[in-house]
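Below is one structure, written out as structure tokens; comments come after it.
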Amino acid sequence: MSLYLKNACVSLISLKLRNPDCDVALCTNISVPDRFKSLLEEKEVGIIEIPYDDYLFPEGMRWSLTFYKFKVMEYLLANTDHEQYLMLDTDTYCARNFGCMWENAELGMLMCLNTAPLDSDNSVKAYNEAEALYPGMDHGTRYYWAGGELAATREDFSFLSSECRKIYEDMISKGVETSLGDEYVWYVFDKLNPHRIIPGNAYWDHYWTYDGYYHISTTYYYDKKPLWHMPVEKSRGMLTLFDYYEKHRRFPNQRRLWHMLHLIQPDRKWYPLAVLKEDLKTLLGRGTE
């Protein structure tokens, strides 16, 4: 629980700092301890307690907890009136403002397009498990959508929520389970409602970094993507960021940040000097976090 809440604090506080005009909140089914609650409230991040009493499956189904987000979607639609909604996993860092994303969301709900080959394990599972629910359905293009991010207008968010309810009820009535969690529902939804989802990859990416593995990419520097989903860093880099923020009440400069999240490999010859230069820029007010 502590790991989850530390990730959530990093994710939501970074999001609020870069997007101060957005309402930001942690949706959870637990009572948040004061240590984390105070950090969130300092930056006007809300906490919405939503019971997990629906979208339930028999014990032991892998990724069944991801269905909690469908309960959250219904709650938000019933109790808020926002024009746009963004849902993120807690292991996501927000590096910059994402305001222009909403212009794309007017064209369709945004999710992360998964580019796995047709014969990959997850692609095969998605196809076979969808066939178990709706035999003979038109699979069209066989790619599926990753479940860590979703941005949509209220109209699309409402339509998606109602369709997810139908899919869940069909799964229960037919005794169909899935090994893919929420990504299975996105796959089925996309096949039943083609072209309602469009790629949001311009605004986020998945960075599978950890320890000695570095992500060979430029999307955090050139053509900067504002949202970084760090699935493996949830147990390392995101925790380092939390400790840094709790101590300093700010996030580190870019080079420190990239190093903490294993986006760059520091070269001993130049890295300390580069970090000092970034720190000096920040102190002089010319740097960016």
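Worth pointing out:
- Candidates ASP223, ASP170: the one that is within 22 Å of ASN114 (Cβ to Cβ) and among the acidic types (Asp, Glu) is ASP223.
- All positions within the stretch 104-124 that are at pLDDT below 95 and either touching a helix residue (DSSP H, G or I) at 6+ places or on another chain (Cβ under 8 Å) or over 26 Å from THR92 (Cβ atoms) (or both): ASN114, ALA116, PRO117, LEU118, ASP119, ASN122, VAL124
- Evaluating LEU180 against the criteria (1) among the aliphatic types (A, V, I, L, M); (2) in a loop (DSSP other than H, G, I, E, B); (3) surrounded by fewer than 16 Cβ atoms within 10 Å (Cβ to Cβ) leaves one unmet condition, (3).
- Of residues in the stretch 56-114 being under 28 Å from TYR220 (Cβ atoms) and free of Cβ contacts under 8 Å to residues at least 24 places away in the same chain, the one surrounded by the fewest Cβ atoms within 10 Å (Cβ to Cβ): GLU103
- Entry remark, the stretch 130-142: residues being over 24 Å from the mean Cα position of the chain (by Cα) and either assigned to a helix (DSSP H, G or I) or surrounded by 11 or more Cβ atoms within 10 Å (Cβ to Cβ) (or both) number 6 in total.
- Filtered residues of the stretch 14-35 (kept if buried (at least 18 other Cβ atoms within 10 Å of the Cβ) and over 17 Å from ALA95 (Cα atoms)): LEU26, CYS27, THR28, VAL32
- Taking the criterion of being over 21 Å from VAL72 (Cα atoms) and in a helix (DSSP H, G or I), the residues of the stretch 7-55 that qualify are SER14, LEU17, ARG18, ASP34, ARG35, SER38, LEU39, GLU42.
- Pick from the stretch 130-181, criterion over 21 Å from MET61 (Cβ atoms) and aromatic (Phe, Trp, Tyr), ranking: modelled with the lowest pLDDT: TYR143
- Enumeration of residues in the stretch 229-257 that are hydrophobic (A, V, I, L, M, F, W, C), buried (at least 21 other Cβ atoms within 10 Å of the Cβ) and at pLDDT below 95: MET230, LEU257
- Neighbours by Cβ (under 6 Å, 6+ apart or cross-chain): first from the stretch 190-208, farther than 22 Å from HIS229 by Cα; second among the aliphatic types (A, V, I, L, M) and loosely packed, with under 15 Cβ neighbours inside 10 Å: LYS191/MET137
- Any chance ILE172 is in the same structural domain as PHE67 (by TED's automatic domain parsing) and either surrounded by 17 or more Cβ atoms within 10 Å (Cβ to Cβ) or farther than 21 Å from PHE67 by Cα (or both): no
- Exactly one residue out of SER11, SER38 is within 15 Å of ASP91 (Cβ to Cβ) and either in the same structural domain as LEU65 (by TED's automatic domain parsing) or modelled with pLDDT of 95 or more (or both), and it is SER11.
- Residue in the stretch 58-111 that is nearest to PRO199 (Cα to Cα), counting only those that are among the aromatic types (Phe, Trp, Tyr) and outside any strand (DSSP E or B): TRP102
The values are calculated or read from the model by the stated rules, or taken from the named source; none is laboratory data. Here the structure is a predicted model, which is why all the values come from computation and not from measurement. So basically every Cβ, Gly included, is an ideal-geometry build from the backbone, and we count neighbours across all protein chains shown.
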